[in-house]
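> Below is the structure I would like to discuss, written out as structure tokens.
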Amino acid sequence: MKELELYFKGNKKNQIHKWSNYFDIYERHLSGFRNKNIVFLEIGVSQGGGLQMWRHYFGDGAKIYGIDIDPRCRGVEDKNIKVFIGSQADSKFLREVIEKIAPIDIVIDDGSHNSSHQIISFKELFGALREGGVYLCEDTFTSYWLKYGGGYKRRNTYIEYMKNIIDDLHAYHSRQRRFKVGVSP
């Protein structure tokens with residue numbers, strides 16, 4: 001078991017909500033950022049345990065930021081953790097956050113799980129990533145849940161949006177004229 005998962009399982013502080021299979025993914029994609037002066041942003045703070053976990057994992061040089069709609073989330077703030085209160089569905093708000101903290105090394109979207117919110121967040125924040133940065137969107141299975149604006153093969157879900165981007169990335173190699181680069185929604 002890796003250090004991040006050990007912290008999660010032994011946590012006695014603020015509650016953390018993570019699927020256990022995420023820890024291998026975190027270690028694989030984020031371990032290279034440890035003990036560096038990075039900017040980390042997580043959408044969805046809840047009780048703040050996740051931000052505390054990330055501060056522990058990345059070390060004191062990391063600037064840890066969170067976004068949440070609940071002002072009570074500010075209770076987790078300390079010298080290395082700051083929480084912005086606002087909606088991930090608000091492009092203007094996200095641009096204001098970017099102005100204050102960019103460039104960003106890591107974004108984790110664990111916010112509303114609503115496809116339209118995930119798409120807005122991606123559109124606004126992905127371009128603010130530093131070269132070599134990592135953008136993770138968690139719980140993408142909600143793209144299939146009606147409650148979150150999803151459904152199987154339903155247009156405008158986060159999954160379908162990302163499929164279009166993948167198509168766009170590979171269009172050049174398709175050798176088909178109708179497959180154009182740069183036409184994803």
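Every read-out reported here was derived from the displayed coordinates using simple, explicitly stated rules and does not represent laboratory data. All of these numbers come straight from a predicted model, not from anything done at the bench. Neighbour counts run over all protein chains shown; Cβ positions are idealised from the backbone, glycine included.
> At 0.36 nm per residue, minus the direct Cα-Cα distance, what do residue 126 and residue 3 gain on full extension? Give it in nm, one decimal, please.
41.5 nm
> Provide the packing ranking of 34-42, 79-87, i.e. peptides ordered by the mean count of other C-beta atoms within 10 Å per residue, highest first.
34-42, 79-87
> Something else: Order these peptides, 123-132, 67-76, by their mean beta-carbon neighbour count within 10 angstrom, highest first.
Highest mean packing first, the order is 67-76, 123-132.
> Continuing with this model, one more query. Under a Cβ-Cβ cut-off of 9 Å, what is the net charge of the residues other than residue 57 that fall near it, where Lys and Arg count +1 and Asp and Glu count -1?
Result for the neighbourhood of residue 57: +1.
> Report the net charge of residues surrounding residue 160, where surrounding means a beta-carbon distance below 14 angstrom and charges are Lys +1, Arg +1, Asp -1, Glu -1.
It works out to a net charge of +2.
> OK, next. With θ set to phi - 60°, apply the Karplus curve 6.51 cos²θ - 1.76 cosθ + 1.60 along segment 73-84 and write out the HN-Hα couplings as whole Hz, x wherever there is a Gly or Pro.
5, 5, x, 8, 5, 8, 5, 10, 10, 10, 10, 9
> By its C-alpha gyration tensor, with a ≥ b ≥ c as the square roots of the eigenvalues, how is segment 97-143 shaped: rounded for a/c under 1.5, else prolate for a/b larger than b/c, else oblate?
Verdict is prolate for segment 97-143.
> Which cross-chain or sequence-distant (5 or more) residues have an amide H under 5 Å from the amide H of residue 108, H modelled 1.01 Å from N in plane?
Result for residue 108 returns 41, 42, 43, 136.
> Enumerate the amide H contacts of residue 59 below 5 Å, restricted to partners 5 or more residues apart or on another chain; note that Pro and chain-start residues carry no placed amide H.
Close amide H contacts, sequence-distant or interchain: 35.
> Taking every DSSP beta bridge with both residues inside segment 25-108, roughly what % is antiparallel (nearest 5)?
5
> Also, quick follow-up: Considering the convex hull of the alpha carbon atoms of segment 3-138, report its projected area averaged over all viewing directions, in nm², one decimal.
7.4
> ³J(HN,Hα) across segment 33-39 via Karplus (A = 6.51, B = -1.76, C = 1.60, θ = phi - 60°), whole Hz, x for Gly/Pro?
Rounded to whole hertz, the list is 8, 5, 6, 10, 7, 10, 10.
> Something else about it: Provide the net charge surrounding residue 150, with neighbours chosen by a C-beta distance below 14 Å and charges set as Lys +1, Arg +1, Asp -1, Glu -1.
Summing Lys and Arg as +1 and Asp and Glu as -1 gives +3.
> Given H placed 1.01 Å from N in the peptide plane, which residues other than close sequence neighbours of residue 84 have an amide H under 5 Å from its amide H?
Correct list: 66, 67, 68.
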